[in-house]
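A short worksheet on the structure shown next.
Just so it is clear, none of the values below were taken in a lab; they were calculated from the coordinates. Quick caveat, the model's predicted, so the values are computed rather than measured. Neighbour counts run over all protein chains shown; Cβ positions are idealised from the backbone, glycine included.
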Amino acid sequence: MRRLAFLVVAAGLPVAGFAQDAVIRIEAKRGQDAATEAATGWGERFDNVVTFPLARGWVAIGLGPLNPAEAEARMAELKQAGQIPADSFVAVPGGGVALSPVAAQPAPATDAAAPAAPEEAGAAPVAAPAAPPAPGTHIRLESLQSRAEAEAALQTWRQTFPEAGLWEMPGNWYAVTLGPMAEGTAQAWLAAFKASGNVPRDAFTSDAADLGQALDAGAAPDLPAPGEAAPMPPLDEVQRALRWAGYYDGEIDGKSGPQTREAIAAGVAALRLSPDGGAAMRGLIGQRGEWRTQMGLTALRDEATGLSLNAPMDRLQFDRAERALSIYAPKDGSGAALILFSQPGGQQELLDLSGLVTALGWVPQPQRSIERGHVLLEGANASHIGRAEGWVRDGRAEGFVLIWPADDPENQSRIAADMSDSFTRFAPAANDAAAAAAAPVQP
């Protein structure tokens, strides 16, 4: 029967680690017990296994001592033969570090007639060497020296990059990464993520072979490879698409200002359509077009108010016109409604209309944004989301109220943005004459 594996501990036979002593570092474990167990397994394969202490309670396992040149050559041979992990490296512990040899163990019995099971022999289980990481390139998001800090950082990074992984690097470092992917893809997306501010300016790429041991490999991200750069579409179309997607809340002016550039960078990083801005924006415009078709958005021209805007007419039906209002009720129980309002006046009339909107509960418990010539009310309850937006234009107070089911906030915000972008006047308001005829005669 194979005799018990055992370690020769440092108290008995320490070997001085002189300045030029090198080891082939093949593994590291936290705590002496775990290191002892792993080193015992390696001792069954090699006769020069040593352990030595690292920072924060970690213990390294290696082969040595050797001079540095000999260690490099031997490591190359062992990697080529697949006998040590691909992330092994040559380390020089230094003169103040004691290398503790592990007694060489006889190879396990190969007699098929009487194999000795490890549990019968009482041997400690053999720790398999770490599997090499999948080939490719990773974006190094952050490097830390404490495992606890690294694990906390991983959870934070996964809020932005759910696929992120954690690696134990050579030299007692830990890396949070995103990968693997082709090198060109990694470089292109690294630039895109830097432009958006999603990764720090000092982030860089690393080959998977240099990462060390995977503590949590994460998942390969679905990031398309860069293609040929595409010209940027007209900026007013880009701004509308970005506003629809929730990345832009500025004016639709077709100008390349800081807010537009920041929104483009944010959209590229979040949408992951392409690392190229022009290609990504063309893809986003295409997505918006498909969505508008699905939602049944068409140009509504309301004769009573003389107003026009894009509206989901598959879900609305005209109900009635009352003085300054034109009301579209839910169609087929859609839960959607639209109110257009228009009357002569200025800021006070606009504020009066916003008060009416609140009083009727069209926008529940609204948050108000009031500026000269513009009012925006947004609010929701358990049944619906309401948004009212109005302007003072050409001597008139006019705007719209959108009511939408509470369980569909994404489409509500996108439809409201499309309505705001497309809101315009196409004719005089027919309701002005009706309102004047209904007004009481002044003495």
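A few notes on this one:
- Distribution of pairwise C-alpha distances over segment 137-216, 5 Å bins, in %: 3, 17, 29, 27, 17, 6, 0
- Calculated P(r) tail over 16 Å for segment 248-372, as whole % of Cα pairs: 74
- Maximal additional length on extending the Gln259-Arg368 stretch stands at 37.0 nm, based on 0.36 nm per residue less the C-alpha distance.
- Likely footprinting exposure, Met232, Met419, fewest C-beta neighbours within 10 Å first: Met232, Met419
- Between Phe426 and Ser383, the FRET efficiency estimated from the beta carbon spacing at R0 = 41 angstrom works out to 0.80.
- 222 nm mean residue ellipticity, helices alone, for the chain (DSSP H n ≥ 4; -39,500 (n - 2.57); rounded to 500): -9500 deg cm²/dmol
- For segment 177-257, a Kirkwood radius taken over Cα pairs fed into Stokes-Einstein (4 °C, viscosity 1.567 mPa s) yields D = 84 µm²/s.
- Against the rule of thumb 2.2 N^0.38 Å, how large the Cα Rg of segment 316-443 comes out: 1.06
- Since only Ser420, Leu190, Gly57 are under comparison, the one whose Cα sits farthest along the positive direction of the charge dipole of the chain, derived from C-beta charges on Lys, Arg, Asp and Glu, is Ser420.
- Largest-first ellipsoid semi-axes for the chain, taking √(5λ) over the Cα gyration tensor eigenvalues, angstrom: 72, 21, 19
- If you take the alpha carbon atoms of segment 285-334 and fit the smallest convex hull around them, that volume is 72 Å³ per residue.
- Dimensionless Rg/Rh of segment 134-273 - Kirkwood Rh, Rg from C-alpha atoms: 1.05
- Once you reduce segment 241-302 and segment 46-77 to the center of their Cα atoms, the two points are 56 Å from each other.
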